[in-house]
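The values are calculated or read from the model by the stated rules, or taken from the named source; none is laboratory data. What you see is a predicted model, and the numbers here were worked out from it, not measured in a lab. Quick reminder, even Gly has a Cβ in these numbers, built from the backbone with ideal geometry, and neighbours come from all protein chains shown.
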Amino acid sequence: MRTDPDPAPILTERLVLRRSRPEDAETISAYRSDPRVRRYQGWERTDPEAVRAEIEAMASRAAGDPGWVQFTVEDRASGRLVGDVGICGVAEEPGVVKVGYTIAPAFQGRGLGTEALRALVDYAFGTLGADRVRMYADADNLASIRVAEKAGLRFVERFREPDGAGGTWEGVRYERHRPDLGRPPSGLKEPRGRADGPAWNAARGTNDDRA
Ligand SMILES: CC(C)(COP(=O)(O)OP(=O)(O)OC[C@H]1O[C@@H](n2cnc3c(N)ncnc32)[C@H](O)[C@@H]1OP(=O)(O)O)[C@@H](O)C(=O)NCCC(=O)NCCS
């Protein structure tokens with residue numbers, strides 16, 4: 001798999017996905033702080049300073065490396081910031097990338113999440129040469145699951161993990177294989193994330209991971 005230190009903007013019919021910049025922090029903070037957006041996420045901080053610090057920390061990373069790289073999603077016609085997506089290599093599984101996505105409530109329900117994720121999946125296979133794209137979500141996050149399905153990801157497993165607050169978190173893993181690789185033969189046991197929490201982190205967007 002390749003890495004992409006300086007990703008070019010990704011254009012779709014209605015959107016442009018371009019690397020997040022510190023000045024995006026206020027707007028991203030505003031929708032991440034919305035309870036409807038936070039509901040299935042685990043961001044510890046969503047204030048502008050924390051979001052800005054996260055964007056600055058990601059600036060030195062190449063897309064495809066372990067660690068999240070975030071793209072801001074803009075409406076091409078108006079230039080308005082409508083959401084963000086992220087991509088993250090998996091150190092223990094070369095060829096695998098995790099993806100995450102958020103669309104601000106004001107812009108949801110218009111197919112933008114699907115359009116952005118499809119573009120990110122194409123980028124992962126085409127530009128990075130990834131073998132597999134993976135998404136973790138809260139098992140109740142039906143909108144997120146639907147978007148993953150519409151971008152061609154398929155259910156792999158449902159699992160429970162400690163939620164870090166004394167309870168249990170129930171998550172799902174969806175994946176899509178690079179088209180020319182096909183799917184693994186049925187019955188082949190697929191590796192799962194370590195049991196100590198990266199899946200939870202990935203889906204819940206905690207400090208060392210995001211979704
Ligand atoms: C998930 C999210 C990105 C979807 O964005 P969006 O732009 O509204 O997505 P789309 O319009 O492309 O598609 C949404 C699909 O989910 C469906 N959907 C929405 N809410 C749903 C619900 N509560 N139950 C079932 N399906 C639902 C829609 O009907 C649509 O499917 P359809 O086209 O087959 O009708 C957005 O809801 C979001 O940002 N949520 C909060 C952050 C989050 O949880 N991100 C995922 C992390 S894994």
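Some points to look at:
- Filter result (buried (at least 16 other Cβ atoms within 10 Å of the Cβ) and small (Gly, Ala, Ser)) within the range 100-124: Gly100, Ala104, Gly113, Ala116, Ala119, Ala124
- Whenever a residue of the range 109-120 is more than 13 Å from Ile87 (Cα to Cα), its partners that are within 6 Å of the ligand (Cβ to nearest atom), lying with C-beta atoms within less than 7 angstrom and at least six residues away or across chains, give the pairs Leu112/Ile103; Gly113/Tyr101; Gly113/Ile103; Gly113/Val147; Thr114/Val147.
- Only one of Arg2, Arg61 that is touching a residue at least 60 places away in the same chain (Cβ under 8 Å) and either buried (at least 19 other Cβ atoms within 10 Å of the Cβ) or not in a strand (DSSP E or B) (or both): Arg2
- Filter pass, Leu142 being within 30 Å of Pro5 (Cβ to Cβ), out of contact with any helix residue (DSSP H, G or I) (no Cβ under 6 Å at 6 or more places or on another chain) and within 16 Å of the ligand (Cβ to nearest atom): no
- The residues on offer are Gly166, Gly171, and the sole one that is in a strand (DSSP E or B), more than 24 Å from Arg61 (Cα to Cα) and over 14 Å from the mean Cα position of the chain (by Cα) is Gly171.
- Subset of the range 118-132 [in contact with a Gly (Cβ under 9 Å, 6 or more places away or on another chain) and part of a helix (DSSP H, G or I)]: Arg118, Leu120, Val121, Ala124
- Search result, residues across the range 139-157 that are under 16 Å from Pro179 (Cβ atoms) and assigned to a loop (DSSP other than H, G, I, E, B): Ala151, Gly152, Leu153
- The set of residues from the range 5-44 being among the basic types (Lys, Arg), within 16 Å of the ligand (Cβ to nearest atom) and either assigned to a loop (DSSP other than H, G, I, E, B) or surrounded by fewer than 17 Cβ atoms within 10 Å (Cβ to Cβ) (or both) comprises Arg14, Arg36, Arg38, Arg39.
- Residue in the range 201-211 that is in contact with a helix residue (DSSP H, G or I) (Cβ under 8 Å, 6 or more places away or on another chain), of a type in the set (A, V, I, L, M, F, W, C), modelled with pLDDT under 95 and under 29 Å from Pro5 (Cα atoms) present: yes
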